[in-house]
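Visitor: For reference, the structure I am asking about is given below.
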Amino acid sequence: MFEEAGLAHPLSSKQNTSFSSPIGSAAGVPSCRGDARIQTCIAGGPDSMKPASIRPDTSTSTAYTAEPPPSADPADGIAQWPAPHPDCQGLPRQRPRKRVADTAGDGDGARAGSRARPCGSEAFAIPDGFTREQIQPFHDLERQYAALFCTPHIRAVRSVRDIQASRTMDVDMDACVVINLAQDGFDSIGTHGLSSCVCICAKGKNPRGHDILGLLHYSGIQDAQDALSEIRDDMREEGVRKPDIFLVGGMISNQDELGSFEIERDLLALGHDFNIVGAKLHPSMSDRNGEENAINLVMTADGIYYYKSW
């Protein structure tokens, strides 16, 4: 899924240097696991600049019981499965086997039953250090919400140098920030160190035609509905009645407590209620020994861009 954009991208001519902590550097980049902090970068901004709306989270998460996502039609021998994760690229792809019920009434039915495998069990190859059970739920989400995962508005780039942005508001974990590009002195908003966290991005225009951008670096400490309500309410305060919402981030991990499946599932389930129009989830995958990998993100009026943190 990590579709790298070439350096010939039309946005590659301008360098972003405004993050308070150099985004993309390995040193000092906070993980999504840890204490929540709020940090704002106002690089070179005038003292009279209108402050952006920043609201730290104080709520607690609640339990959630999810319904399992639908699987492929077991009778469909040519069922299409989503593209493999970037770490699976180049590995052979296989299609699900038909259910044994197809052979009901045949004399060989009993023998076929002994050879049966679960539907979709061979839909993708498994990287070293992972099990099928650790990866399958993420592929099911891609299949269930295929239209959101196909958005062209979210793009992978090689580095921050490929993004046309020079003054970026930096949002830390569990902070929600909304800015007016015409008034607040920034041309973009971003965050760093997204591993198992998911960035909730919001955008729209106010009645005066100003671009309004919002970002919530969501660690899962809030209930998913509360987090989406918070950023939507903040966007409405800036004059955007129905903002477009995008979800970016998350990680597939072979350490169950570090994966982002529950966070992704809970947010996607609320897509209709909160106008979620695009998603690029679990672009990162942990190393075989469980070490986290992460991305950084920058959103401008023209699009959302992400790249590897290290």
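Visitor: Determine which member of the set Ile212, Ile263 is in the same structural domain as Glu142 (by TED's automatic domain parsing), within 12 Å of the chain's Cα centre (by Cα) and crowded, with 22+ Cβ neighbours inside 10 Å. Break it down into steps so the answer makes sense when it comes.
Guide: Numbers: Ile212 fails: within 12 Å of the chain's Cα centre (by Cα).
After applying the criteria, what remains is Ile263.
Visitor: Within the range 172-221, track down each residue that is closer than 19 Å to Asn293 by Cβ and β-branched (Val, Ile, Thr). Steps first, answer last, please.
Guide: Our first condition is that a residue be closer than 19 Å to Asn293 by Cβ; within the range 172-221, this holds for 173, 190-199, 217-220.
Scanning the range 172-221 gives Thr191, Val198.
Visitor: Within 19 Å of Leu258 (Cβ to Cβ) and buried (at least 19 other Cβ atoms within 10 Å of the Cβ) - does that describe any residue in the range 171-188? So that I can check it myself, show each step before the final result.
Guide: Pass one, the range 171-188, residues within 19 Å of Leu258 (Cβ to Cβ): 173-174.
Still in the running and buried (at least 19 other Cβ atoms within 10 Å of the Cβ): 173-174.
Within the range 171-188, one or more residues are within 19 Å of Leu258 (Cβ to Cβ) and buried (at least 19 other Cβ atoms within 10 Å of the Cβ).
Visitor: Same structure again: Listed residues Leu216, Leu258, Leu268, Leu281; which is at pLDDT below 95 and hydrophobic (A, V, I, L, M, F, W, C)? Can you show your working first?
Guide: Numbers: Leu216 fails: at pLDDT below 95; Leu268 fails: at pLDDT below 95; Leu281 fails: at pLDDT below 95.
Answer to the selection: Leu258.
Visitor: Sticking with this structure for a sec: Name the pairs: first residue in the range 265-276 and touching a residue at least 40 places away in the same chain (Cβ under 8 Å), second residue in a helix (DSSP H, G or I) and not hydrophobic (A, V, I, L, M, F, W, C), Cβ to Cβ under 7 Å, at least 6 apart or on different chains?
Guide: Leu270/Gln225; Phe274/Arg232
Visitor: Is it the case that some residue within the range 209-224 is within 24 Å of Ala301 (Cα to Cα), in contact (Cβ under 8 Å) with a residue 40 or more places away in the chain and hydroxyl-bearing (Ser, Thr, Tyr)?
Guide: Of all residues in the range 209-224, those within 24 Å of Ala301 (Cα to Cα) come to 209-218.
Add one more test, that the residue is in contact (Cβ under 8 Å) with a residue 40 or more places away in the chain, and what stays is 211, 213, 215-218.
Then keep just the ones that are hydroxyl-bearing (Ser, Thr, Tyr); that gives 218.
Yes - at least one qualifying residue is present in the range 209-224.
Visitor: Residue check, Ile221 against (1) within 15 Å of Cys197 (Cβ to Cβ); (2) surrounded by 23 or more Cβ atoms within 10 Å (Cβ to Cβ), all met but one. Which one?
Guide: (2)
Visitor: Please enumerate the residues belonging to the range 233-262 that are part of a loop (DSSP other than H, G, I, E, B) and at negative phi. Spell out the reasoning first.
Guide: Going residue by residue through the range 233-262, those that are part of a loop (DSSP other than H, G, I, E, B) are 238-243, 253-255, 259-260.
Answer for the range 233-262, where residues must be part of a loop (DSSP other than H, G, I, E, B) and at negative phi: Glu238, Val240, Arg241, Lys242, Pro243, Ser253, Asn254, Gln255, Gly259, Ser260.
Visitor: Name the helices (runs of 4 or more DSSP H) wholly within the range 109-164 that hold at least 1 residues that are under 19 Å from Gly259 (Cα atoms), modelled with pLDDT of 85 or more and among the basic types (Lys, Arg)?
Guide: 132-144
Visitor: Give the range 137-170 a look and list any residue that's free of Cβ contacts under 8 Å to residues at least 60 places away in the same chain and crowded, with 18+ Cβ neighbours inside 10 Å, or say none. It would help to see each step written out before you state the result.
Guide: Here is the first cut: in the range 137-170, the ones free of Cβ contacts under 8 Å to residues at least 60 places away in the same chain are 139, 147, 150, 152.
Within the range 137-170, just His139 meets the criteria.
The values are calculated or read from the model by the stated rules, or taken from the named source; none is laboratory data. Everything numeric in this text was worked out from a predicted model, so none of it was measured. Cβ sites come from the backbone with ideal geometry, for glycine too, and all protein chains shown count toward neighbours.
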